[in-house]
């Protein structure tokens, strides 16, 4: 099992805890061009080989924008099919999750914040925002509650919007 954030560099892969209940990072590469990072709410079914609908949508955005790959990290590493199930988890963040969030800026050229309204759960979004040491932070728009929109149901031609805190 891979455990070093720097191993998220080439090919396709994912990093899980030993139980498989927490996914800390997922990446896909299709060429040597720069990579984009997506910061979403929590992982669902995607793994080192399987792309779920959200990952397929993120790949579509990344390719349309001219990137050669992507990396996905999440505010919460616990794998849950719905935000309601995530909220019921005893430990939704995961013991190694912050390390992958904190080091994302060094592995990608641009970051897309995309966690949706549930990112405010427990104030987690406020804890994580200082981790990103780059000026290249964008969203795909904001929800009515003021959170970065999740990519799944957005149009494929949605524009990136510079993040302003």
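Consider residue 57 carefully, then state whether it is out of contact with any helix residue (DSSP H, G or I) (no Cβ under 8 Å at 6 or more places or on another chain), surrounded by 16 or more Cβ atoms within 10 Å (Cβ to Cβ) and farther than 17 Å from residue 13 by Cβ.
The answer is yes for residue 57.
Applying the selection to region 16-46, what residues are over 13 Å from the mean Cα position of the chain (by Cα) and either on the phi > 0 side of the Ramachandran plot or surrounded by 17 or more Cβ atoms within 10 Å (Cβ to Cβ) (or both)?
Hits for region 16-46 are 16, 17, 20, 22, 29.
Does residue 143 qualify as being surrounded by fewer than 21 Cβ atoms within 10 Å (Cβ to Cβ) and within 19 Å of residue 28 (Cα to Cα)?
Here the answer is no, as residue 143 does not meet what is asked.
Considering region 77-94 alone, what residues qualify as being in contact (Cβ under 8 Å) with a residue 40 or more places away in the chain and under 17 Å from residue 125 (Cα atoms)?
77, 78, 83, 86, 92, 94
Could you tell me how many of the residues in region 143-152 are part of a loop (DSSP other than H, G, I, E, B) and touching a strand residue (DSSP E or B) at 6+ places or on another chain (Cβ under 8 Å)?
Selection size over region 143-152: 3.
What are the pairs, 6+ residues apart or on separate chains, where a residue within region 99-110 that is farther than 18 Å from residue 32 by Cα has its Cβ under 7 Å from a residue that is surrounded by fewer than 19 Cβ atoms within 10 Å (Cβ to Cβ)?
101/131; 102/131
So residue 156 passes all but one of these: (1) part of a loop (DSSP other than H, G, I, E, B); (2) over 19 Å from residue 35 (Cα atoms); (3) in contact with a helix residue (DSSP H, G or I) (Cβ under 6 Å, 6 or more places away or on another chain). Which condition number does it fail?
(2)
Filter the strands (runs of 3 or more DSSP E) completely within region 40-142 down to those with at least 2 residues that are modelled with pLDDT of 95 or more and closer than 15 Å to residue 163 by Cβ.
Output list reads 110-113, 137-139.
The values are calculated or read from the model by the stated rules, or taken from the named source; none is laboratory data. Everything numeric here is computed off the predicted structure, so don't read it as measured data. All Cβ positions, glycine included, derive from the backbone under ideal geometry; neighbour counts span all protein chains shown.
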